[in-house]
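See structure below.
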Amino acid sequence: MSKRIAVYPGSFDPIHNGHLDIIERCRPLFDEVVVAVLRNETKQPLFTVEERMESIREMVGPDCRVESFSGLLVDFMDRVGARAVIRGLRAVSDFEYEFQMALMNRRLNPRVETVFLMPKEDYTYLSSRLVKEVFALGGNITGLVPEPVIARLRDRLGPSVVPPQGTK
Ligand code: PNS
């Protein structure tokens, strides 16, 4: 029987605990999970693709594959022999975008199925964008991203500092 391979694609700029929760949930469901970082030349990420892959590898350990891809996700899936796309659904607001992507991917390759997993409730409001913003403005992100990611944020953005209060 062929291996059941799933791809968990995303930007992961940076990876946070909601992503890690989804990875842990899908691992027992498939023979192999490939975490796939999109190489997107049009976006200005905080971390390079290599840095993001390194962070992910550090967290998921050696028995989870971490790759990067550019171009269509369905083409990457063909290359790695995967049929399932894993996506996290945090809230109803995610639904429309995810629904469009799932149906477009199905149109591009009818063999591809998208599997939605709900992260732990504690992470339903979490996004990489908010993590970066809160850190940059001096907010506490402990418990939302792994410690090594906090260290990388500190290296890239400097220590998280509380902005000065407004003065008259
Ligand atoms: O973490 P993100 O940014 O929500 O992930 C989006 C991602 C990488 C899953 C999506 O942009 C993607 O699959 N891009 C690859 C290009 C592609 O296949 N586009 C058509 C998908 S409908």
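The values are calculated or read from the model by the stated rules, or taken from the named source; none is laboratory data. Keep in mind that what you see is a predicted model, and the values were worked out from it rather than measured. When we count neighbours, we look across all protein chains shown, and the Cβ atoms used for this are built from the backbone with ideal geometry, even at glycine. Accessible surface areas use protein heavy atoms only, side chains included; no ligands, DNA or RNA. Shrake-Rupley method; radii C 1.70, N 1.55, O 1.52, S 1.80 Å.
Structure values in brief
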quantity	calculated
Residue that is nearest to Ile56 (Cα to Cα), among those in the stretch 125-152 that are assigned to a helix (DSSP H, G or I) and free of Cβ contacts under 8 Å to residues at least 12 places away in the same chain	Glu147
Residue check, Arg83 among the basic types (Lys, Arg), modelled with pLDDT of 95 or more and within 24 Å of Cys26 (Cα to Cα)	yes
Lone unmet requirement of (1) more than 27 Å from Pro148 (Cβ to Cβ); (2) open to solvent by 20 Å² or more (accessible area, probe 1.4 Å); (3) among the hydrophobic types (A, V, I, L, M, F, W, C) for Val74	(2)
Cross-chain or 6+ apart pairs with Cβ under 7 Å, the stretch 101-124 first and among the hydroxyl-bearing types (Ser, Thr, Tyr), then within 13 Å of the ligand (Cβ to nearest atom) and open to solvent by less than 60 Å² (accessible area, probe 1.4 Å)	Thr114/Val85; Thr114/Arg87; Thr114/Ala102; Thr114/Asn105; Tyr123/Gly18
Cross-chain or 6+ apart pairs with Cβ under 6 Å, the stretch 28-44 first and open to solvent by less than 90 Å² (accessible area, probe 1.4 Å), then among the basic types (Lys, Arg) and within 13 Å of the ligand (Cβ to nearest atom)	Val37/Arg52
Where Val92 falls short, out of the listed (1) open to solvent by less than 100 Å² (accessible area, probe 1.4 Å); (2) of a type outside the set (S, T, N, Q); (3) out of contact with any Cys (no Cβ under 7 Å at 6 or more places or on another chain); (4) over 26 Å from Arg154 (Cβ atoms)	(1)
Test set (1) open to solvent by 90 Å² or more (accessible area, probe 1.4 Å); (2) among the basic types (Lys, Arg); (3) over 13 Å from the mean Cα position of the chain (by Cα) - Lys132 fails condition number	(1)
Selection count, the stretch 95-118, where residues are among the aliphatic types (A, V, I, L, M), more than 9 Å from the ligand (Cβ to nearest atom) and open to solvent by 80 Å² or more (accessible area, probe 1.4 Å)	1
Matching helices (runs of 4 or more DSSP H) fully within the stretch 1-87 where at least 3 residues are more than 12 Å from the ligand (Cβ to nearest atom) and within 12 Å of the chain's Cα centre (by Cα)	17-26, 49-60
